[in-house]
1. Take region A:143-167 and flag every residue that is of a type outside the set (Ser, Thr, Tyr), crowded, with 19+ Cβ neighbours inside 10 Å and under 29 Å from A:LEU117 (Cβ atoms).
2. Name the strands (runs of 3 or more DSSP E) wholly within region A:115-190 that hold at least 2 residues that are modelled with pLDDT under 95?
3. As an exercise: evaluate A:PHE280 against (1) within 16 Å of ligand 2 (Cβ to nearest atom); (2) touching a residue at least 24 places away in the same chain (Cβ under 8 Å); (3) not acidic (Asp, Glu) and give the number of the one condition it does not meet.
4. Do you know which residues across region B:79-122 are under 16 Å from B:ALA62 (Cβ atoms), touching a helix residue (DSSP H, G or I) at 6+ places or on another chain (Cβ under 8 Å) and in a strand (DSSP E or B)?
5. Just need a number here: residues in region B:41-55 that are in contact (Cβ under 8 Å) with a residue 60 or more places away in the chain and either among the basic types (Lys, Arg) or open to solvent by less than 80 Å² (accessible area, probe 1.4 Å) (or both).
6. Name the residue that is nearest to ligand 2 (Cβ to nearest atom), counting only residues in region A:257-275 that are part of a strand (DSSP E or B) and free of Cβ contacts under 8 Å to residues at least 60 places away in the same chain.
7. Taking the criterion of being within 14 Å of chain B (Cβ to nearest Cβ) and either touching a residue at least 24 places away in the same chain (Cβ under 8 Å) or basic (Lys, Arg) (or both), would at least one residue in region A:101-115 satisfy it?
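The values are calculated or read from the model by the stated rules, or taken from the named source; none is laboratory data. Because the structure is a prediction, the values reported are computed rather than measured. Cβ sites come from the backbone with ideal geometry, for glycine too, and all protein chains shown count toward neighbours. Ligands, DNA and RNA are stripped out before the accessible areas are found, and what is left, the full protein with its side chains, is counted by its heavy atoms. Shrake-Rupley method; radii C 1.70, N 1.55, O 1.52, S 1.80 Å.
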Amino acid sequence: MATESNSMNTIVPNPMLPQPFAVQRVRRETHDTFTLELSPSEKHGFKFSPGQFNMLYVFGIGEVPISISGDPTRQKTLVHTTRAVGTVTKAMYKLKRGDVLGVRGPYGTQWPIGNALGNDVIIVAGGIGLAPLRPAIYQLLSQREKFGKIVILYGTRTPDDILFRKELEQWRARFDLEVHITVDRAMSGWRGSVGVVTTLIPKAPFDPLNTVAMVCGPEIMMRYTVTELQKRGVPTNDIYISMERNMKCAIGLCGHCQWGTEFICKDGPVFPFSEIKSLFVRREL
Amino acid sequence: MENLENIVSEHPFLKGLDPQYIQLVSGCASNVRFEAGQYLFREDEEANWFYIIRQGKVAVEAYAAERGAVIIDTVEEGDVLGWSWLIPPYNWHFDARAIELTRAIALDGKCLRNKCEHDHNLGYELLKRFAHIIEQRLEATRIRLLDLYGNGK
Ligand SMILES: Cc1cc2nc3c(=O)[nH]c(=O)nc-3n(C[C@H](O)[C@H](O)[C@H](O)COP(=O)(O)OP(=O)(O)OC[C@H]3O[C@@H](n4cnc5c(N)ncnc54)[C@H](O)[C@@H]3O)c2cc1C
Ligand code: FES
């Protein structure tokens, strides 16, 4: 299976020129993670495919790539979920309703929803990695009857770090979806699972030979997840991961995101694992 | 007892064990049930059992003076809990507490240790199975130490 190509056009005529978007709503998700809802122009809305990202520009501070975490069918709000880790994302954390942010995009490849038609789907997310997968989950659920089993496995550090907690609870309550959450450690009030996300894979109910796996999280988490999926018998061709590297132009010009022969900004961020497995285990690039 | 023997022989942990050994192991087995909140064992107590969890969920906890009880692992249906019965001085290293109603098969470690001393083939078969579990837990612990969800900094 190959990655579906990015069929979406950018909404801006000059792909290097950020467009001003107003912050409509700020939601604090965890102690360091927040969701911004931005309002695109009335006329165009904002079209994107699950897995794609935007370059977000905090004026006067800098620009960072952030995946889109909202529902692709709702074009009237553009949603991004970000963890505040450094200069730009910490400045972004301070934005309030009415503040303006520069946006260019959407860029990059998408999750292989089309390839998953008729198959089981397993989604494995680690930490903030659930954010880029959420649009894929929305899309899968909007056409639920077209897929076999849908299993979501989510791992994070502690119960307080669980992202989209309410939504996960709603998904878990559905009878046509399997949602399993595990944390690295918890205090004794926690009634869920403790252990790394990879430990959920051996028991997850999916048919490995007819499954498309979508994996997103830190590289180290993805590496062990892929190994565990392979041990279960999922063919390498059917495993997709989303890679993160620093971006500058995001359109394949500057070489900043070059990863071996690939540019993560335009050949990724979603890659079939089979295409990049030799790069994935290489120590120096 | 026949019922228990069936359950023991069907369980993935003991599957494939020679029927004569299944019978021996089943002789050390009993059905147990723990209510939510009940401890299966406490740190430092003598470890004379291990458990094959049939239903429910058990938290393995360590007590840290400043933080209270921290859950470091959970085991559930299909998992095996406890190997301290196999390794001297046969004391539990952690607390194990049922998070929800848990049904399990308890295997008497003292009884099994005796049987293994008399029949090293049985001992080797059991050791191979426990080595696999110990390896899985060690691997999971190592992965966790890598700070799987952060950037490791
Ligand atoms: C395609 C793509 C999609 C992305 N999607 C998202 C998303 O949806 N949500 C999101 O929160 N982030 C996402 N990121 C990561 C995000 O771009 C970075 O966290 C951001 O660029 C950091 O910029 P900064 O100026 O705040 O930090 P910097 O000042 O550049 O870095 C400060 C410190 O944070 C560390 N750091 C940088 N990035 C990360 C990271 N990802 N995780 C942990 N520590 C980090 C650095 O090593 C450094 O120590 C994505 C990245 C790419 C390439
Ligand atoms: S960010 Fe410039 S080539 Fe990818």
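1. Scanning region A:143-167 gives A:ILE150, A:VAL151, A:ILE152, A:LEU153, A:GLY155, A:LEU163, A:PHE164.
2. Values: elements: A:120-126, A:150-156, A:178-183.
Answer list for region A:115-190: none.
3. So A:PHE280 meets the others, but not (1).
4. B:ASN91
5. Within region B:41-55, the first condition is being in contact (Cβ under 8 Å) with a residue 60 or more places away in the chain, and the residues that meet it are B:47-49.
Imposing the further condition that a residue be either among the basic types (Lys, Arg) or open to solvent by less than 80 Å² (accessible area, probe 1.4 Å) (or both) reduces the set to B:47-48.
Total satisfying the criteria: 2.
6. Here is the first cut: in region A:257-275, the ones part of a strand (DSSP E or B) are A:258-259, A:262-263, A:270-272.
If we keep only those that are free of Cβ contacts under 8 Å to residues at least 60 places away in the same chain as well, we get A:258-259, A:262-263.
On the way: A:GLN258: 6, A:TRP259: 9, A:GLU262: 10, A:PHE263: 5 Å.
That would be A:PHE263.
7. no
Okay, residues lined up against (1) charged (D, E, K, R); (2) in a strand (DSSP E or B); (3) away from ligand 1 (no atom under 11 Å from the Cβ); (4) crowded, with 18+ Cβ neighbours inside 10 Å:
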{"residue": "A:VAL234", "(1), (2), (3), (4)": "no, no, yes, yes"}
{"residue": "A:GLU244", "(1), (2), (3), (4)": "yes, no, no, yes"}
{"residue": "A:LYS248", "(1), (2), (3), (4)": "yes, no, no, no"}
{"residue": "A:LYS277", "(1), (2), (3), (4)": "yes, no, yes, no"}
